[in-house]
1. Please figure out what share of the DSSP beta bridges in the stretch 77-192 is antiparallel and state it in percent, rounded to the nearest 5.
2. Would you list HIS147, HIS159, HIS142 from fewest to most Cβ contacts within 10 Å?
3. Ranking PHE48, PHE98 by Cβ neighbours within 10 Å, fewest first, what do you get?
4. Exposure proxy check: ASP122, ASP184 ranked by fewest other beta carbons within 10 Å?
5. Using a 7 Å offset from the Cα along the Cα-to-Cβ direction at both CYS153 and LEU82, what is the distance between the two label points in nm, to one decimal?
6. What full-extension length gain, to one decimal in nm, is calculated for ARG12 and ASP104 as 0.36 nm per residue of separation minus the Cα-Cα distance?
7. What FRET efficiency comes out for the pair LYS44/SER68, r = Cβ-Cβ distance, R0 = 22 Å, nearest 0.05?
8. Counting Lys and Arg as +1 and Asp and Glu as -1, each charge on the Cβ, what is the dipole of the stretch 11-146 about the Cα centre in debye, to the nearest 20?
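Taken together, the values in this text are just the output of simple stated rules run on the coordinates, not laboratory data. All of these numbers come straight from a predicted model, not from anything done at the bench. Cβ atoms come from the backbone with ideal geometry, glycine included; neighbour counts cover every protein chain shown.
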Amino acid sequence: MFLENTIHTHKRKGCIEVICGSMFSGKTEELIRRLKRAQFAKQKVEIFKPAVDKRYDDIKIVSHDSNSIHSTPVPASANIILLASEVDVIGIDEAQFFDEGLADVCNQLANSGVRVIVAGLDTDYLGKPFGPIPALLAIAEHVTKVHAICMRCGNIANHSHRISEEEGLVVLGERNNYEPLCRDCFYAGFTN
């Protein structure tokens with residue numbers, strides 16, 4: 001009798017997981033890996049990306065290694081709440097491009113029992129905290145910081161250095177726009 005009551009009263013526990021790091025560090029690759037594992041476990045998964053990100057595909061989330069998973073592009077974080085119903089796991093890629101409301105959206109979802117997995121750049125090309133990522137790091141139960149390899153010296157890289165001439169905070173790009181750099185190489189570029 002006790003075991004039967006325990007099973008029926010067990011509430012699903014939500015959480016927030018953040019995967020962050022520089023460009024080319026494997027953030028999206030890790031997000032896709034976790035989401036595919038959840039799908040394999042027959043959990044109901046919904047995946048979102050910012051509508052502005054159309055680099056590789058209009059719909060799919062695609063890693064730099066060409067791994068992909070179907071997603072729903074949305075213009076704002078509030079749309080995630082509207083489109084996510086009866087799910088076990090929500091994946092969000094390129095979180096730095098969402099509005100500041102993303103942390104509240106993730107909290108609401110986690111409080112309702114959803115596992116929320118978010119991937120994004122933690123700093124911009126100037127080395128400053130990027131978009132809603134700092135707020136997400138503060139409320140997440142699990143944080144995974146992934147690293148690239150510095151293109152100049154081969155050390156562990158955690159900075160996304162813009163090598164193109166475009167202006168503005170948000171410049172969607174790939175290897176022709178950015179290179180990963182370690183701390184020493186990144187700051188040497190700003191002081192020389």
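1. Here the antiparallel bridges make up roughly 65 percent for the stretch 77-192.
2. Numbers: HIS147 16, HIS159 24, HIS142 11.
By the 10 Å Cβ count, ascending, the order reads HIS142, HIS147, HIS159.
3. Ordered by Cβ neighbours within 10 Å, fewest first: PHE48, PHE98.
4. On the way: ASP122 24, ASP184 12.
Placing the least packed residue first, the sequence is ASP184, ASP122.
5. 4.8 nm
6. 31.2 nm
7. Numbers: r = 20 Å, r/R0 = 0.89.
According to the calculation, E is roughly 0.65.
8. That gives a dipole near 540 debye.
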